[in-house]
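The values are calculated or read from the model by the stated rules, or taken from the named source; none is laboratory data. None of these values were measured; they are calculated from a predicted model. With ideal geometry, Cβ positions are generated from the backbone for all residues, glycine too; neighbour counts draw on all protein chains shown.
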Amino acid sequence: MSTANATVPTAGSRRRTGSVIWHVSAIAVLAVVLYPVLWVIGASFKPGEDIIGSLDLFPADPILSNFSGLADGMANIPTSTFFLNSLMYAGLAVAGVVVSSSLTAYAFAKIQFRGRNVLFSLMIGTLLLPYHVLLIPQYVMFQKLQLTDTYVPLLAGKFLATEAFFVFLMVQFMRGLPRELDEAARLDGCGHLRIYWSVVLPLTRPAIITTAIFTFINAWNDFMGPLIYLNNPDRATVSLALMMFRDQQGISDYGGMIAMAMAALVPVLAFFLAFQRYLIDGMATSGLKG
Amino acid sequence: MTLVKDTPVLAPSERSSGPAAAKRRGRRESLAGYLFMSPWLAGFLLLTAGPMVASFYYAFTSYNLFTSPQWVGLDNFTAMFEDPRWRKSVEVTLKYVVIGTPLKLLLALGVALLLAQSRRGQGLYRAAFYMPSLIGASVSVGFVWRALFSDNAIVDSGLKAFGWNLGGWIGDPDLVLYSLVALTVWQFGAPMVIFLAGLKQVPRELYEAAEVDGAGPLRRFWSITLPMISPVLFFNVLLETIHSFQIFGSAYVVSDTSCGPADGTLVYTCYLYQKAFKETQMGFASAMAWMLLLAVALVTAVLFWSQKKWVHYEEGAK
């Protein structure tokens, strides 16, 4: 962009004003984007009754009692239970989605068989299908199987590659791999399972990492699934527990709720800080190719 | 830059001679293909296709989960059109989609144009702006939103400073929906990242040539940038619109499970949830779900039809 101004006599000063405007705008957007996150961090160190009224982002006298209250748990259930439930759900979701999506993607990308293109179109079609059409019959089915109040309904779809977006992401990635590699492996007498495991899967690592992190975050944030399927407070995820107990202890424990809400964001933000490049590049390529 | 498209990959050339051997190999390949995709196939049949058929059937029945479904013909649909709360939910959802989606995409495009200029800190800004898209749907952020948009909180006080005494938005049936609009606009980062990737692919020479011809910045945006990124614009419009129609969690949490006050945040899926899981009217709720599917299909069809007129694909990329 700056190259364009080089021919103009006042290029230097114009570039400097442009730069100032750029940074001022970027910082203004940044302030709005970060405010809610900074607010919840600050609020978790405020006494419950000060949280809603005060406009200060951070308290003058930070307190820790919100967090110590949090450690006591809710309705005799230690808070760690909810975090462990969420962790288990998100961990199993990652395992299920990565295994099932990569196997399916390998079939679409690397094996030539009758009906493949039709099935691929069907798979893409499910990307646009509103989940709510499936919600009720799936609920009826899992209820008849007496699987409500377990994690099976939440995880079944993950192990059966119903998250078409990730299958698609991996198909795109595997198609981009040089075909000579698996052809060479075939000449050496490798079967598909061997090629999948030793050739394609290691090379698909970036797409797998992107898939794994998104799946973890989505499962961690998932609210509708636990809301519909889980009733027993012992089995609640963090999101569900936040809603279940939000009004049980009255306004006096509002600080504790906010502290827990803040703690619930920490794993997601940590993943984001550690892997933001994978996440953003994964999003970007999905938009370009998909 | 192409959109959803299946570019068939040619199989490794058949290496053995004779049609019988080729046929045998083809069959073995097919078997391998279906085995590899068996998880997806099972999921598609058990969790997608089967439930779709069941849902279609339920839509014409009266079903409360405990007794078997009773065929009622079109009753659910006629009851739906006469139901003032259903109509309210359609109105609320349309308002949310029609206001929220364009605002979000405009902001995403605007900030993407800003960040497309390479300056110091660009990568950091990009990452920070993307962050809300990862946490925006969480219950935690729903709580934060309730607090920020309540009486005398930051939004209310900020507007008062400009002489707009609106009070808290959360308690106001007319304003509460706009707090949800603000929440979706706050998550502009995901479409922004896609816009940015599109902007990076626009060839520099086009701008240089236009500059030589004396085209100003607005003209360059209109005649070069916009047509060149129209495929990603199309992708963003499609995905964001479809997602907005299905908003649930934020409305449920921000309204403190009531989808109110006074049905102010009664988005379509919130009403569907109430019908299905509070009133156990599974038939009515299934009929509602099919209306949603119809609406989404209609929007998708219109967008795909219209893309001939405004989406430019690079030659050869299509």
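Below is a table of values for the structure above.
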| quantity | calculated |
| --- | --- |
| Segment A:161-195, residues that are free of Cβ contacts under 8 Å to residues at least 12 places away in the same chain and either in contact with a Cys (Cβ under 6 Å, 6 or more places away or on another chain) or at the interface with chain B (Cβ under 9 Å from one of its Cβ atoms) (or both) | A:179, A:183, A:186, A:187, A:191, A:193 |
| Evaluation of residue B:308 against (1) closer than 16 Å to residue B:97 by Cβ; (2) at pLDDT below 95 (one fails), failing number | (1) |
| Any hit, segment B:293-300, residues being under 24 Å from residue B:241 (Cβ atoms), touching a His at 6+ places or on another chain (Cβ under 9 Å) and not β-branched (Val, Ile, Thr) | yes |
| Members of segment B:254-279 that are at the interface with chain A (Cβ under 10 Å from one of its Cβ atoms) and either of a type outside the set (D, E, K, R) or farther than 21 Å from residue B:138 by Cβ (or both) | B:257, B:268, B:269, B:272, B:273, B:275, B:276, B:277 |
| Evaluation of residue B:180 against (1) out of contact with any Lys or Arg (no Cβ under 9 Å at 6 or more places or on another chain); (2) modelled with pLDDT of 95 or more; (3) within 11 Å of chain A (Cβ to nearest Cβ) (one fails), failing number | (3) |
| Any hit, segment B:72-87, residues being assigned to a helix (DSSP H, G or I) and hydroxyl-bearing (Ser, Thr, Tyr) | yes |
| Selection from segment B:25-43 of residues that are more than 7 Å from chain A (Cβ to nearest Cβ) and not hydroxyl-bearing (Ser, Thr, Tyr) | B:25, B:26, B:27, B:28, B:31, B:35, B:41 |
| For residue A:279: the one exception among (1) among the aliphatic types (A, V, I, L, M); (2) crowded, with 22+ Cβ neighbours inside 10 Å; (3) modelled with pLDDT under 95; (4) farther than 27 Å from residue A:43 by Cβ | (4) |
| Close pairs from segment B:135-157: first within 7 Å of chain A (Cβ to nearest Cβ), partner buried (at least 23 other Cβ atoms within 10 Å of the Cβ) and in a loop (DSSP other than H, G, I, E, B), Cβ under 6 Å, at least 6 apart | B:150/B:170 |
| Flag for residue B:84 being at pLDDT 95 or above and more than 7 Å from every other protein chain (Cβ to nearest Cβ) | yes |
| Unmet criterion (only one of (1) at the interface with another protein chain (Cβ under 9 Å from one of its Cβ atoms); (2) in a helix (DSSP H, G or I)) for residue B:103 | (1) |
| Some residue of segment B:53-60 being part of a loop (DSSP other than H, G, I, E, B) and within 29 Å of residue A:128 (Cβ to Cβ) | yes |
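Matching residues to (1) assigned to a helix (DSSP H, G or I); (2) farther than 30 Å from residue A:235 by Cβ:
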site	(1), (2)
A:54	no, yes
A:63	no, yes
A:81	yes, no
A:86	yes, no
A:95	yes, no
A:99	yes, no
A:108	yes, yes
A:123	yes, yes
